[in-house]
Amino acid sequence: MIATSVAPAVATRRNPFGLLAQPAAMLIVGAVLLAALSLLYPSTPTYDPWSWIIWGREIGELNLLTTGGPSWKPLPIFFTVPFSIFGEAAPDLWLVVARAGAFISLALAFLIAGLLCNRTFGEAEAPRRGWVAILAGLTAVVGVLFQMGFIRVNMLGDSEGLVNATAFAASVWDFSRAFEARGVGVPWPLWALALVQQP
């Protein structure tokens, strides 16, 4: 009986993705749907995203030329190369990715504030911990929204939303202590952050 009860806990520690996979999937799907709906507002990618879209097409054609463009960021290429298959829809598909990253960053900012409250308040203060966590989460969301140009740059398809999302995801991973499982190594959001940050 003891072995049966201990086994799932050990499995969870060795497979932290099991703990985070379902809520993460729901968050991503929701963010993508909201980002797709945002395309109802006419918009087009700005200079940097256009270069990533062009480079994605050129990689698909085995004819990559990066001269005259912005700094190279590997993460967008993982999207823009397959998006090139869809021709004229590629810019809109990238806008969905970039804006979904912005929506995810807002949700994760709210979550991180709540996790900090859980660490700050003890069990004896549980009755007021909930509303304090909500207030802290809303404050965090407002703080992210009022980053300089946050709404504008994400509407235009820049990478700031993805930078926030990957950095916040790494923080959530840390708070969940999932990366303490043996053999997991560096949290995957940090690898994604490295691929999207300015070199």
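List of remarks:
- Filtered residue count, the range 133-155, keeping only those that are surrounded by 17 or more Cβ atoms within 10 Å (Cβ to Cβ) and over 18 Å from the mean Cα position of the chain (by Cα): 2
- Residue within the range 147-169 that is on the phi > 0 side of the Ramachandran plot, part of a loop (DSSP other than H, G, I, E, B) and either modelled with pLDDT of 85 or more or not hydrophobic (A, V, I, L, M, F, W, C) (or both) present: yes
- ILE112 vs. criteria crowded, with 16+ Cβ neighbours inside 10 Å, modelled with pLDDT under 90, in contact with a helix residue (DSSP H, G or I) (Cβ under 6 Å, 6 or more places away or on another chain) and within 20 Å of ILE28 (Cβ to Cβ): yes
- Entry remark, the range 55-85: residues being under 22 Å from the mean Cα position of the chain (by Cα), surrounded by fewer than 19 Cβ atoms within 10 Å (Cβ to Cβ) and among the aliphatic types (A, V, I, L, M) number 2 in total.
- Residue identified as under 29 Å from ALA170 (Cα atoms) and at pLDDT 80 or above among LEU75, LEU64, LEU19: LEU75
- Residue check, THR44 touching a residue at least 24 places away in the same chain (Cβ under 8 Å) and surrounded by fewer than 17 Cβ atoms within 10 Å (Cβ to Cβ): yes
The values are calculated or read from the model by the stated rules, or taken from the named source; none is laboratory data. None of the values given here were measured: they were computed from a predicted structure. A quick note on method: Cβ atoms are made from the backbone with ideal geometry, for glycine too, and the neighbour counts reach across all protein chains shown.
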